[in-house]
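Colleague: For reference, the structure I am asking about is given below.
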Amino acid sequence: MAKFITIEGVEGVGKSSVIGTICNELKRRDMKHVLTREPGGTPLAEAIRELLVTKHDELMMPLTEVLLFFAARCQHITQLIKPALARGEWVVSDRFTDSSFAYQGAGRGIAFDKLQALKDWVQGDFKPDCTILLDAPVEIGLARIQSRSKDRIEEETVEFFYRVRDFYLQCARDNPKRYRVVKADQSIEQVQQDVVAIMREVMST
């Protein structure tokens with residue numbers, strides 16, 4: 001049966017590399033799959049993404065930000081994720097709803113009950129089958145992205161990302177059946193081995 005896999009973590013933990021490893025493992029087994037991301041995944045959701053990541057002269061309010069994320073997510077779920085799963089294709093997504101709770105909730109301070117209400121409205125009980133959390137100390141992740149051009153959210157403070165990381169780790173403790181934590185400060189070879197082992201476990205269930 002096709003499954004929905006999400007990859008989470010703070011900035012600079014190597015999500016792109018891990019996603020490549022996951023897709024290669026699926027290809028190796030001739031398993032049809034779709035690679036996508038949040039915010040984004042559909043033309044309309046990608047247009048919303050541009051609003052979210054671009055730096056603006058006007059301050060974007062936290063509530064505006066979170067509503068845009070969930071608007072993009074609504075399109076993503078209904079127009080891409082669920083149809084792909086219905087066709088028997090695995091879906092691999094760079095981030096999903098956990099990011100909203102981590103970044104807009106823990107990071108920005110938006111009340112979790114408000115986020116939960118939006119989640120219930122937009123997706124009901126729909127959730128990933130497995131979430132791979134790439135975890136590394138915040139300083140290591142931020143150091144890795146120093147050389148690239150940062151988007152609006154990547155320019156947040158170190159303290160902001162501490163809150164985000166702490167929330168993710170709490171999620172993993174609270175949801176051990178869905179979450180798989182991979183130490184992202186290991187060698188890339190070890191990270192890839194850990195991810196392949198997780199994927200083989202998920203495929204066998």
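Colleague: For the range 24-35, which residues satisfy the criterion of being part of a loop (DSSP other than H, G, I, E, B) and either surrounded by 19 or more Cβ atoms within 10 Å (Cβ to Cβ) or without any contact (Cβ under 8 Å) to a residue 40 or more places away in the chain (or both)?
Modeller: Filtering the range 24-35 for residues part of a loop (DSSP other than H, G, I, E, B) gives 29-32.
Selection gives Asp30 alone.
Colleague: Then there's this: Against the condition surrounded by 14 or more Cβ atoms within 10 Å (Cβ to Cβ) and either modelled with pLDDT of 90 or more or part of a helix (DSSP H, G or I) (or both), how does Arg200 come out, does it pass? If you could, list the steps in order and put the result at the bottom.
Modeller: Working: surrounded by 14 or more Cβ atoms within 10 Å (Cβ to Cβ): no; either modelled with pLDDT of 90 or more or part of a helix (DSSP H, G or I) (or both): yes.
No; evaluated as a whole, the condition is false for this residue.
Colleague: While we're looking at this one, here's another question. Would you check if there is a residue in the range 167-176 being surrounded by 15 or more Cβ atoms within 10 Å (Cβ to Cβ) and either touching a Lys or Arg at 6+ places or on another chain (Cβ under 7 Å) or more than 16 Å from Thr6 (Cα to Cα) (or both)?
Modeller: So far as the range 167-176 goes, yes, one or more of its residues are surrounded by 15 or more Cβ atoms within 10 Å (Cβ to Cβ) and either touching a Lys or Arg at 6+ places or on another chain (Cβ under 7 Å) or more than 16 Å from Thr6 (Cα to Cα) (or both).
Colleague: Taking Tyr168 and the conditions (1) more than 17 Å from the chain's Cα centre (by Cα); (2) under 15 Å from Asp135 (Cα atoms); (3) assigned to a helix (DSSP H, G or I), which numbered condition does it fall short on, given that it satisfies the others?
Modeller: (1)
Colleague: Across the range 87-129, what is the number of residues that are aliphatic (A, V, I, L, M) and touching a Phe, Trp or Tyr at 6+ places or on another chain (Cβ under 7 Å)? Write out each step before concluding.
Modeller: Step one: list which residues in the range 87-129 are aliphatic (A, V, I, L, M), which gives 91-92, 102, 106, 110-111, 115, 117-118, 122.
Subset that is touching a Phe, Trp or Tyr at 6+ places or on another chain (Cβ under 7 Å): 91, 102, 106, 115, 118, 122.
The total comes to 6.
Colleague: If I go through the range 53-64 residue by residue, how many of them are within 12 Å of Ile153 (Cα to Cα) and either touching a Lys or Arg at 6+ places or on another chain (Cβ under 7 Å) or hydroxyl-bearing (Ser, Thr, Tyr) (or both)?
Modeller: Going residue by residue through the range 53-64, those that are within 12 Å of Ile153 (Cα to Cα) are 53-56, 60, 62.
With either touching a Lys or Arg at 6+ places or on another chain (Cβ under 7 Å) or hydroxyl-bearing (Ser, Thr, Tyr) (or both) added as a condition, the list becomes 53-55, 62.
Counting residues in the range 53-64 that are within 12 Å of Ile153 (Cα to Cα) and either touching a Lys or Arg at 6+ places or on another chain (Cβ under 7 Å) or hydroxyl-bearing (Ser, Thr, Tyr) (or both) gives 4.
Colleague: State whether one or more residues within the range 65-81 are touching a Phe, Trp or Tyr at 6+ places or on another chain (Cβ under 7 Å) and farther than 24 Å from Glu201 by Cβ. Even if it seems obvious, please write down each step before you answer.
Modeller: Of the range 65-81, the ones touching a Phe, Trp or Tyr at 6+ places or on another chain (Cβ under 7 Å) are 77, 81.
Subsequent filtering for residues that are farther than 24 Å from Glu201 by Cβ retains 77.
So far as the range 65-81 goes, yes, one or more of its residues are touching a Phe, Trp or Tyr at 6+ places or on another chain (Cβ under 7 Å) and farther than 24 Å from Glu201 by Cβ.
Colleague: Return the pairs, sorted by first residue and then second, in which the second residue is in a helix (DSSP H, G or I), the first residue lies in the range 172-192 and is of a type in the set (Val, Ile, Thr), the beta carbons are less than 7 Å apart, and the residues are 6+ apart or on different chains.
Modeller: From the range 172-192, the pairs are Val181/Ala172; Val182/Val191; Val182/Asp194; Val182/Val195; Ile188/Ser17; Val191/Val18.
A quick yes/no check of all residues on (1) touching a residue at least 12 places away in the same chain (Cβ under 8 Å); (2) in contact with a Pro (Cβ under 6 Å, 6 or more places away or on another chain):
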| position | (1), (2) |
| --- | --- |
| Leu59 | no, no |
| Arg73 | yes, no |
| Leu85 | yes, no |
| Val91 | yes, no |
| Ala102 | yes, no |
| Arg108 | yes, yes |
| Phe112 | no, no |
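The values are calculated or read from the model by the stated rules, or taken from the named source; none is laboratory data. As the structure is a prediction and not an experimental result, all values here were calculated from the model. Note: ideal-geometry Cβ built from the backbone for every residue, glycine included; neighbour counts use all protein chains shown.
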